[in-house]
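Notes follow once the structure below has been shown.
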């Protein structure tokens, strides 16, 4: 099967798990004998190497996101036209059997109008909010279709009745996003599918294929006799909520668990990081909470050195990978039921469940783990088994492969 993947970012210029998962799935589909071609953007992350890969075309341009400038409509036409030409050249060169669309954040959504009008089957992989939150906010499509100022409406009318819109539409589709059907689509969680449907998109028919990780790359914690070192991993930001983890540690120490310490791994905006540091100081935890960072490859080796993970996200995670990484390391997990975590977490079986923005409940769960090495070992063993059997990247890729083949055969 010859597959053309379209995605906004691609390693080594990734900023999160979506891009890494795309790369991992593409690598495994290739290993299964499929021919993979990737069309992505020219966005680069400072300090990352410029890697030339024969099957990766970095020709698309991003509008606005990831530090790129937001273009006014008269200049945006040039970017949109460039992206459509890049897509047309890639389709002509590759002649794919299927087009596999991943993250479209910052990328011309008008490309979707083009490929859905074509004869090549289109499959969507959705593991964030780019449809639910940003498709109707696409600058190009919203200028042509969303209600606007009197001046905009008047100009659109002139362009329509003069025939200029028809000419523009040939180079860059300007039809409504409502014509995008998403006939072949799967989400990373039922939560993400249902949320997207609740925003008015016709995706209730979508399948669910959960995110997977390379579980065997994580060293496994050898025993659970010790309970001293707590771990938090993520972006230092309000939606990931490290403050709840810090406050939970403070509450646990006040309750008598004075041997506990917490390491926070992650980066964030300077203002929020300053807020985190201030909270650590205000709670008298300077000697017990440390901020650290590590690249993804090193982080895999670090999980097993800790005694429990605190996952405190509170923004509607599509399907978080950090708890899976901890489980793959044989680490007990205390998690909120934020977003897609409801489809992973089973209290007292493969984790302990707390509540977003509730540090006292997290402290209670910490105390429960501190009190029982048997509980720690039991939930860690179940979490490890489920991570390896249900969420390893290999069986997940097989599900994606089966979905793609089903679309081709229909």
If you fit an axis through the alpha-carbon atoms of helix 359-371 and take the longest principal axis of the Cα set of the chain, what angle between them do you get, 0 to 90°, nearest 10? 50 degrees
Can you tell me the orientation of helix 17-31 relative to the chain, as the angle in degrees between its alpha-carbon axis and the longest Cα principal axis, to the nearest 10? 80 degrees
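Evaluated at 37 °C with a viscosity of 0.692 mPa s, what Stokes-Einstein diffusion coefficient in µm²/s does the chain have when Rh comes from the Kirkwood expression over alpha-carbon pairs?
Details: Rh = 23.0 Å.
Estimated via Stokes-Einstein, D reaches 143 µm²/s.
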What ranking do 277-286, 207-216 get when scored by the average of other Cβ atoms within 10 Å per residue, highest first? 207-216, 277-286
Quick check: the angle from helix 393-409's long axis to the longest principal axis of the chain, C-alpha only, nearest 10 degrees? 20 degrees
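Is the shape of segment 46-142 best called rounded, prolate or oblate, per the rule: a/c under 1.5 gives rounded, else a/b larger than b/c gives prolate, else oblate, with a ≥ b ≥ c the square roots of the Cα gyration tensor eigenvalues? Write down the numbers at each step before the final one.
On the way: a/c = 1.37, a/b = 1.13, b/c = 1.22.
It comes out rounded by the Cα gyration axes.
Using mean Cβ contacts within 10 Å as the protection proxy, how do 217-226, 109-118 order, highest first? Before the final figure, lay out each step's value.
Working: 217-226: 15.1, 109-118: 18.6.
For the peptides 217-226, 109-118, the packing ranking is 109-118, 217-226.
Return the Rg/Rh value of segment 215-390, two decimal places, where both radii are evaluated on C-alpha atoms and Rh is the Kirkwood radius. Let's see the in-between values first.
Numbers: Rg = 14.6 Å, Rh = 15.8 Å.
So for segment 215-390, dividing Rg by the Kirkwood Rh gives 0.93.
Which peptide among 363-370, 298-305 comes first, and what is the full order, when sorted by highest mean count of other Cβ atoms within 10 Å? Show your work: numbers first, answer last.
Values: 363-370: 20.9, 298-305: 16.2.
For the peptides 363-370, 298-305, the packing ranking is 363-370, 298-305.
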State the dimensionless ratio Rg/Rh of segment 77-209 (Rg: radius of gyration of Cα atoms; Rh: Kirkwood radius). 0.99
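What relative contact order, as a whole-number percentage, does segment 235-328 give when Cα pairs under 8 Å and 6 or more residues apart are counted? Before the final figure, lay out the partial values.
On the way: 82 pairs, mean separation 33.8, N = 94.
Dividing the mean separation by the residue count of segment 235-328 yields 36 percent.
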Cα gyration tensor category, rounded, prolate or oblate, for segment 112-158 with a/c compared to 1.5: oblate
Quick one: in segment 253-315, what % of C-alpha pairs are over 13 Å apart? 72 percent
Please report the spacing between the Cα centers of segment 362-392 and segment 4-30 in Å, no decimals. 30 Å
Relative contact order, percent, the chain [alpha-carbon distance under 8 Å, six or more residues apart]: 14 percent
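Each value in this text was obtained by applying a stated rule to the coordinates, not by laboratory testing. Bear in mind the structure is a predicted one, so any value in this text is a computation, not a measurement. FYI the Cβ positions are ideal-geometry reconstructions off the backbone, even for glycines, and counts take in every protein chain you see.
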